Amino acid sequence: MKALRIGVARFRFAAALAFILIAIALGTGRAEQVLPDTSGFSSEALARIRSYMRHEVAARNIPGAVLLIQQHGRPVLFEVFGVRDIDSQRPMTADTIFRFYSLSKAVTSAAAMMLVDDGRLSLDDPLSKYIPAFANAKVAVERNDGNGNTVLVYEPLARPITIKDLLRHTSGLTYGFYGDSPVRKIYAASGLFERDFDNALFAERIAKLPLAEQPGTVWDYGHSTDVLGRVVEVVSGQSLFQFEKQRLLDPLGMNETAFYLADDTKRSRVAEPLPADRFRAPVAGLDDPILPRRWESGGAGMIGTIGDYARFAQMMLNGGTLDDRRYLKGETVALMTSDQIGPETKIARDQFYFPGENSGFGLGFAVRTSVPAQTPSWPTGEYRWGGAGGAFFFIDPKGDMFTICMMQAPSQSERIRIELKTLIYEALNR
């Protein structure tokens with residue numbers, strides 16, 4: 001009996017210690033006891049989620065992951081799985097550093113909207129007000145030359161690109177690393193990423209390339225948020241990282257979030273994909289977001305930990321506040337997380353419409369507008385995004401909860417996101 005009591009005491013101490021570590025990992029800055037609140041969830045279903053993630057590791061689909069489900073401001077499930085790196089076999093830990101890739105877009109969008117709240121930037125402002133080279137932008141249109149040949153014709157803008165276009169991906173700016181349209185091929189062959197460049201030079205270069213569509217007509221996923229990062233610089237008079245660090249990252253306690261790994265002693269904390277899942281070519285112009293460079297890619301360049309991103313997600317879920325500090329107006333968050341490309345806008349969706357047929361797009365996030373037939377438990381109003389490296393998040397205002405899954409598994413991310421989200425909503429007691 002005495003041995004049993006000692007065992008129980010040790011278990012309780014270990015559990016308390018684990019959640020003290022969770023408090024630190026989630027960036028509270030305080031070594032306090034943060035006990036999980038699982039009252040809204042089935043414990044058996046949470047066990048199935050853990051089992052699912054362990055299976056993904058055991059099946060060698062992913063090397064490892066860190067998963068956080070948080071509701072009502074408290075962790076429901078916060079667990080590490082597998083290893084950071086299959087070669088070194090370093091175990092996954094809560095402070096593992098991940099390549100955010102397109103999770104960067106949400107942070108840059110929030111930074112821009114802070115300037116809107118300040119009255120220093122307007123959604124209706126023409127982009128050329130801040131980057132004059134875009135006043136001369138042209139749209140590449142395929143035409144028949146009369147001899148049966150398809151040629152590209154460059155047409156003037158029907159209307160200027162606006163800041164709102166950058167936020168909702170309707171600027172006509174595209175990517176050159178996927179797809180094979182004539183304009184995407186031009187981007188890929190343009191030398192856009194030659195040598196070591198900064199945001200100012202990047203904006204100068206891309207302003208010389210044709211747009212894929214007229215502004216405000218088609219959702220086209222591309223370099224819009226990178227250009228938005230340059231707008232933040234012009235308006236603030238600071239580099240993108242300086243502004244984000246001063247106004248967003250440092251106040252939130254996102255101390256590990258940056259545009260490259262400045263401290264080489266932290267290199268062993270970086271998560272790596274399986275060898276077969278590693279990118280063989282640059283993604284969105286980035287060889288590797290871990291490596292030092294001058295370009296601060298607002299669309300894909302950030303790195304950081306799950307604890308850092310959890311602080312950002314909780315701030316958004318709270319309607320722009322965290323720890324008695326306001327970062328964004330409540331109405332600004334509501335605007336960002338509501339559909340801005342609905343049927344009334346007549347904005348078309350290109351063949352690579354990543355949000356999917358049951359979602360629109362806000363100002364930096366995909367927004368669920370209807371429930372997919374095959375996943376009836378998913379809520380409307382949920383907003384989300386994911387990165388090319390495999391990390392993803394979704395925020396559910398109705399359920400007062402969010403989930404972040406950090407992993408470096410590009411080929412598995414979409415499947416795991418769907419399966420994991422389904423398991424999570426099946427676990428809710430409602």
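Observations on the model:
- Using equal-weight Cα scatterers in the Debye expression, the normalised intensity of the range 363-429 in log10 at q = 0.14, 0.18, 0.29 Å⁻¹ is -0.40, -0.67, -1.45.
- Comparing Ser42, Ser104, Ser413 in a Gaussian network model of the chain where C-alpha atoms under 10 Å apart are linked, the largest mean-square fluctuation is found at Ser42.
- The convex hull around the C-alpha trace of the range 152-208, projected and averaged over every direction, spans 4.8 square nanometres.
- Cα long-axis angle, helix 413-427 against the chain (0 to 90 degrees, to the nearest 10): 50
- Gaussian network model of the chain, Cα within-10 Å springs - most flexible of Gly119, Gly301, Gly387: Gly119
- Altogether, the Stokes-Einstein calculation at 20 °C and 1.002 mPa s, with the Kirkwood radius of the range 314-379 over Cα pairs as Rh, returns a diffusion coefficient of 160 µm²/s.
- In the range 281-384, the trypsin sites (Lys or Arg not before Pro) that fall in loop regions by DSSP, at most 12 other Cβ within 10 Å: Lys346
- Rg and Dmax over the alpha-carbon atoms of the range 265-359 stand at 18.0, 52 Å.
- In degrees, nearest ten, helix 224-236 long axis to first principal axis of the chain (Cα): 90
- Rolling a 1.4 Å probe over the protein heavy atoms gives the chain an accessible area of 42 Å² per residue.
- Of the solvent-accessible surface of the chain, computed with a 1.4 Å probe and all protein chains present, 52% belongs to carbon and sulfur.
- Shape box of the range 57-181 [Cα atoms, principal axes, largest first, Å]: 61, 47, 24
- Bridges between two residues of the chain, per DSSP, are antiparallel at a rate of about 90%.
- Cross-link partners of Lys164 among lysines (Cα-Cα below 16 Å; sequence separation of 8 or more within a chain): Lys105, Lys129, Lys346
- Model label zone, Arg294; criterion: amide N under 14 Å from point 7 Å along Cα-to-beta-carbon; scope the range 166-207: 193-205
- The heavy atoms of His55 present about 110 square angstrom of accessible area, all protein chains included, probe 1.4 Å.
- Counting charges near Ile206 (Lys, Arg +1; Asp, Glu -1) among other residues having Cβ under 10 Å from its Cβ returns a value of +1.
- The chain: angle of helix 2-25 to the longest principal axis, Cα-based, in degrees nearest 10: 20
- Rounded FRET efficiency, nearest 0.05, which uses the C-beta distance separating Thr150 from Thr93 and R0 of 45 Å: 0.25
- Calculated diffusion of the chain, Stokes-Einstein form, Kirkwood radius summed over Cα pairs, 25 °C and 0.890 mPa s, µm²/s: 109
- Where N is the number of residues in the range 117-156, Cα Rg divided by 2.2 N^0.38 Å: 1.89
The values are calculated or read from the model by the stated rules, or taken from the named source; none is laboratory data. Bear in mind the structure is a predicted one, so any value in this text is a computation, not a measurement. Cβ atoms come from the backbone with ideal geometry, glycine included; neighbour counts cover every protein chain shown. Areas reflect the complete protein model, heavy atoms only, side chains present, ligands, DNA and RNA absent. Shrake-Rupley method; radii C 1.70, N 1.55, O 1.52, S 1.80 Å.
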